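The values are calculated or read from the model by the stated rules, or taken from the named source; none is laboratory data. Here the structure is a predicted model, which is why all the values come from computation and not from measurement. When we count neighbours, we look across all protein chains shown, and the Cβ atoms used for this are built from the backbone with ideal geometry, even at glycine. These accessible areas exclude ligands, DNA and RNA; they are computed on the full protein's heavy atoms, side chains included. Shrake-Rupley method; radii C 1.70, N 1.55, O 1.52, S 1.80 Å.
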Amino acid sequence: MTARVFIDGEAGTTGLGIRERLAHVPGVTVASIDPDKRKDPDARKAMMASVDAVVLCLPDDAAKESTALAASLGDKAPRLLDASTAHRVDPNWVYGFAEMTAGQADLIRKAKRVANPGCYPTGAIALLRPLIEAGILPADHPVAINAVSGYSGGGKSLIEKHESGAAPNFEMYGLGLEHKHVPEIENYSKLKTRPMFVPSVGHYHQGMLVSVPLHLNQLPGSPRTADLVHALRKHFDGSDLISVPGEGDEALAAGKIEPEALNHSDKMELRVFGNDKRGHAVLVARLDNLGKGASGAAVQNLKLMLGLS
């Protein structure tokens, strides 16, 4: 049996990425609405009633409106996957990071409503939660998170600025320290102290690095680099998409890393750059902000929700 999926907002960057990936997934057909009726509530409601799942690739307010539209169908409502930030910390939605913790993939399989993770939070949570659950990093420890993304993560307006030459080569932003991803990171990392998050954008299309510096001698027991690596590997053991490179890794040997190596893939790499003599470590997650950070994660979640994975 073929599952039918409607992408509400399929013309955007994430929607196009999801559609492209779904074209290679057996057992799925993407249903499209007439472009002239994309904002017609009746046409969208009729489309929702005819499909198994709807992916919301919309601004937050529009995603909430579409959620209400689907809910009005009652028992005929399709399953929802929201790629916006509207429902990521809503307890009535399942968080769509399948590898986050044991049993999360099963929760996604059973859920009627799943919130797709943000790109930055995906990297930050993958680095922090395993260490907190292992007791290496106290949940109340003050954490600073730095990140850089390609400009495709900023949406249509930012893409146009970079591709027209109107944007700088590098820019830090969110320096009011109220970035909308912070509650998501805090909640799912299991942090009890609000983290400081400083994002930035570079003049390249896609690819992301998320980094967390740590003073190891300020953590309980003064853990060593190997302890952090062990905790990350244990947490993600068996994952097809998340890896923790170690001995022989070129980036670790060189002491440097660039953000684009995983572009056009749905993988994520976690590394610990450490200096045990100094008691310093830097955790780094590398991923494609359009892959595991957006469309790739959405398709992974859809396959779970539709019983295809």
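Could you tell me whether Ser66 is under 24 Å from Ser152 (Cα atoms), open to solvent by less than 50 Å² (accessible area, probe 1.4 Å), free of Cβ contacts under 8 Å to residues at least 60 places away in the same chain and of a type in the set (Ser, Thr, Tyr)? So Ser66 fails the test. Note on region 164-191: among residues that are open to solvent by 60 Å² or more (accessible area, probe 1.4 Å) and among the hydrophobic types (A, V, I, L, M, F, W, C), the one that is nearest to Pro121 (Cα to Cα) is Leu177. Once region 75-110 is narrowed to residues that are part of a loop (DSSP other than H, G, I, E, B) and touching a Ser or Thr at 6+ places or on another chain (Cβ under 8 Å), the residue that is surrounded by the most Cβ atoms within 10 Å (Cβ to Cβ) is Ala83.
Evaluation of Leu128 against the conditions (1) part of a loop (DSSP other than H, G, I, E, B); (2) crowded, with 24+ Cβ neighbours inside 10 Å shows that the sole unmet condition is (1). Residues that are more than 27 Å from Thr101 (Cα to Cα) and touching a Ser or Thr at 6+ places or on another chain (Cβ under 6 Å) are absent from region 173-196.
In summary, helices (runs of 4 or more DSSP H) completely within region 214-309 and bearing 3 or more residues that are open to solvent by less than 30 Å² (accessible area, probe 1.4 Å) occur at 225-235, 296-305.
Pairing each residue of region 185-210 that is closer than 18 Å to Ala285 by Cα with any residue that is of a type in the set (Lys, Arg) and surrounded by fewer than 17 Cβ atoms within 10 Å (Cβ to Cβ), provided the two are 6+ apart or on different chains, yields C-beta distances under 7 Å for Glu186/Arg194.
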